[in-house]
Amino acid sequence: LLDDQTGQIDLPADADCVQPDAGAEGYYRWQIDKDQFYALVDDMGSLDEKEKMALLGNSSALLEARKLSLEDYMLVLTGLLDDTHPLVLLGAVNAAIAIGSKYVNESNAAAYARFVNAEMGYLFAEVGIETREGDSETMIQLRPRLLRLIGQYGASPEVVAAVAEKAELYLADKDAVDGNLAQEVLRVTALNDDGDFYDKYVGAYRASKDLGHRVTILRAIYFKNPDVIKRALDFSISDEVLAGHASYALGYYPTLLDDHEIIYEWIAENVDAYLAKIPESSRPGLPTTLAGRCNEKNLALLEEFFADRDEVFAASLNRQLENLRSCIDSRNYNADALMEFLARYE
């Protein structure tokens, strides 16, 4: 199509919309003007599955480059959440989780929950919580991700109750729940529990002789009760947990909590024990483990904690400081646009 660095291609005058990467076979990013973009979003039904996924990926890149607003990005995302193809849905659900992880905090969590409930309620009713005979590999991957999106960012008592029932079964018998669902079932239950389930998790961990079962439980200790967080962190460096698994709790909590103060209170008291527990090769990555969710307070806590510490942490620390500053900048830049989009779900 092009035989020089730049060129011009004539398009049919009566074209309803333009898809600049037909068949999703091009290795490039593209941008079209707003009217053409809205026309393409309105006509997404005419795209095949690969083109829809490419549209989402290209829109994500434009969002990061600030060439597409978050509000317009959400138009693409919601359009794909209405799709019927499991591969498209999987990409859209993962994108919605990523938006939640990066942009959702206490100030907009309720609004984002309304969006998730409105867009995901019908899908959960269709996909369900049970693996079904004849499920495609993509559907098997989609179901736990959908549970995670609804369970972490939505507000559905029905989903929480159904998942908690499955968690009880899995804790008692690892074969009672499909292994593809077990981890998210436990995570969602922990996220929505006040901490009462924690002792059941630890009890099941201690009772199990199956390493996979034990690892799944450790990877799902997502309780947000402050007392439970401290107990979970203490347990992670106990003799009952293998060295290679000791970083799970400390690695997950920074990605879940908006306020990392409780994490730094614990690590300040236990840093020597923690570093002695984990494999030596993992020690320089402690700043990466602690980085997690971005905001000014967490950035300051990270800087302060490592201000007078060994140079071995410098490379990881510098990367994470840069990542957090970039993330904070992006959150601030897109905050109003996200709320403008979410306002339509009030």
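The values are calculated or read from the model by the stated rules, or taken from the named source; none is laboratory data. Just so we're clear, the structure is a prediction, and the values are computed from it rather than from any experiment. With ideal geometry, Cβ positions are generated from the backbone for all residues, glycine too; neighbour counts draw on all protein chains shown. Heads up: the accessible areas ignore ligands, DNA and RNA and are worked out on the full protein's heavy atoms, side chains in. Shrake-Rupley method; radii C 1.70, N 1.55, O 1.52, S 1.80 Å.
Here are the numbers for the structure shown:
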item	result
Under the Karplus curve 6.51 cos²θ - 1.76 cosθ + 1.60, θ = phi - 60°, whole-Hz ³J(HN,Hα) for region 151-158, x wherever Gly or Pro sits	x, 8, 10, x, 8, 10, x, 5
When region 1-138 is reduced to its Cα atoms, the Kirkwood hydrodynamic radius in Å	16.8 Å
Theoretical FRET efficiency, 1/(1+(r/R0)^6), r = Cβ-Cβ of GLU296 and ALA243, R0 35 Å, to 0.05	0.55
Percent accessible area from carbon and sulfur atoms, region 163-303, protein chains only, probe 1.4 Å	47 percent
Most mobile of SER69, SER46, SER208 in a GNM of the chain (Cα contacts under 10 Å)	SER46
Sequence-separation-based contact order of region 74-171, relative, with Cα cut under 8 Å and 6+ spacing, percent	33 percent
Per residue solvent-accessible surface (Å²) - region 74-226, probe of 1.4 Å	41 Å²
Over region 96-229, relative contact order from alpha-carbon pairs under 8 Å, at least 6 apart, %	21 percent
Two-site FRET efficiency, GLU165 against ASP227, from Cβ-Cβ distance with R₀ of 35 Å, rounded to 0.05	0.90
The chain: relative contact order in percent, alpha carbon pairs under 8 Å with at least 6 residues between	14 percent
Net lengthening on full extension, GLU126/TYR28 (0.36 nm per residue, minus Cα-Cα)	31.7 nm
Virtual spin-label span in nm between ALA273 and ARG114, 7 Å along Cα→Cβ	4.5 nm
For region 167-319, size of Cβ-based charge dipole, Lys and Arg +1, Asp and Glu -1, in debye	420 debye
Highest-MSF residue in the chain out of ARG132, ARG148, ARG219 [GNM, Cα springs under 10 Å]	ARG132
Stretch gain in nm, segment ASP42-GLU133, where the contour uses 0.36 nm per residue and the Cα spacing is subtracted	29.3 nm
Efficiency of FRET from Cβ geometry, ARG66 and GLU322, R₀ 25 Å, rounded to 0.05	0.90
Dipole of the chain, positive end: most advanced residue of ASN334, THR138, ASN323 [Cβ charges, Cα centre]	ASN323
Whether region 211-346 is rounded, prolate or oblate, judged on the alpha carbon gyration tensor where a/c under 1.5 counts as rounded	oblate
Gaussian network model of the chain, springs between alpha carbon atoms under 10 Å - residue of ASP173, ASP194, ASP33 with greatest fluctuation	ASP33
The chain: angle of helix 198-207 to the longest principal axis, Cα-based, in degrees nearest 10	70 degrees
Share of carbon and sulfur in the accessible heavy-atom surface of region 10-144 [1.4 Å probe, %]	50 percent
Net lengthening on full extension, ASP259/VAL18 (0.36 nm per residue, minus Cα-Cα)	82.3 nm
Inter-label distance, nm, simple model (7 Å from Cα along the C-beta direction), LEU11/SER281	5.0 nm
Pair ASP194, SER107: separation of 7 Å Cα→Cβ label points (nm)	3.0 nm
Helix 314-342 vs. the chain, principal-axis angle (Cα, 0 to 90°, nearest 10)	50 degrees
